[in-house]
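What follows is a single structure, written as structure tokens, with notes after it.
The numbers here are math on the coordinates, done by the rules we state, and not lab data. Nothing here was measured: the structure is a model prediction, and the numbers come from that model.
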Amino acid sequence: MSPVITVAFPVFAVIAAGLVAGRLKLASAEDSAALNRFVFRFGFPAALFGLMSGASGLTGLDARLALAYGVSALTIITAAYVVGRKIFALDPPTAGAHAFASVIGNAVFLGLPIAMGIAGWARPFVTLMLVEGILVIGVGAALMSPRDESAGVPILRRLSGFAVRPLKNPLVAAALAGFLFATLGLALPGPVRAFFDLIGRAAGPVALFSLGLFFATHQQPPVGATLGKSLSIAALKMLLLPALAFTLATLLNVGDAAYRGALALFTVTPTAVGAFVMASQYGRYVDETAAAIAVTTALSVLSISAVLIAFA
């Protein structure tokens, strides 16, 4: 049976169920927020710790995959920043928000549930999440911060803040803790591993349902008024980033089929809801980011289906 039917259809059907529940007033924005807190603080951290704690240590293949994506992400975020400044005439922090939305993907709520359902994809997908969580989020936050916030702050303190900020993310912390656990040669007792597996299995469907509920219970973004910026973000995020990442992965001899499939899925996911959260936090580019999330999420039905047909 086609991967689009066996994998993609259930994924988008669960998102649709959340959307319908929100439209019919069977669930609210408060319910979506509560579900998101469970997924972000408990469900996926448990799943990631369980996955990484049972894996082997970092391999050369993991490092080459991380390098291919990391270099690609930095290249695209730089290009998007220049586009924001030169083409859209945005001020530096707002251009930073444009750049961040052009790279950060919805790995947690959309990509990870799919990757965990395909044999061999979860491990490399989590490796990519670590790179994104440490590198992309750190750079994005630095670009979006008002320049006067860092004025007078010693360089070492700014660098330490850049390094520590991603570690406050429960997903990054859980994955790194699991990796350290495995590296030390430790093993979880059976009942403890079953505990992590049980919570982790709930995270995927809850995340997908919550994503649909989020779109149903939040104000529709002004897609038409921001179409040019949304299309710029979509082109950089869902065309140029995958193309560059795959080119570098090929040059770095990342030939494992599961790793290539995970990289393809990771890079074609739509702009993350987290980009909207950060834009709201800094009070910049909020409507444009929301519109970009709507546009890229619609396009992801095609992009993710194409990846599953080609690689799953």
(message) With the alpha-carbon atoms as the only input, what is the per residue convex hull volume for segment 172-312 in Å³?
(response) 162 Å³
(request) Take every Cα pair under 8 Å in the chain that's 6+ residues apart, average their separations, divide by the length, and report that relative contact order as a whole percent. (result) 35 percent
(message) Skipping prolines and chain starts, which residues have an amide H placed within reach, meaning under 5 Å, of the one on residue 28, given they are 5 or more residues away or on another chain?
(response) none
(request) Check the chain and count each lysine pair with an alpha-carbon distance under 27 angstrom, considering only pairs eight or more places apart or from different chains. (result) 4
(request) Compute the projected area of the convex hull of the Cα atoms of segment 3-311, averaged over all viewing directions, and report it in nm² to one decimal place. (result) 16.3 nm²
(message) Can you give the Rg/Rh ratio of segment 235-312, where Rg is from the C-alpha atoms and Rh is the Kirkwood radius?
(response) 1.06
(request) Indicate the helices, whole DSSP H runs only, in the chain that combine a mean Kyte-Doolittle hydropathy of -1.0 or more with a Cα extent along their long axis of 30 angstrom or more. (result) 60-86, 190-217, 286-311
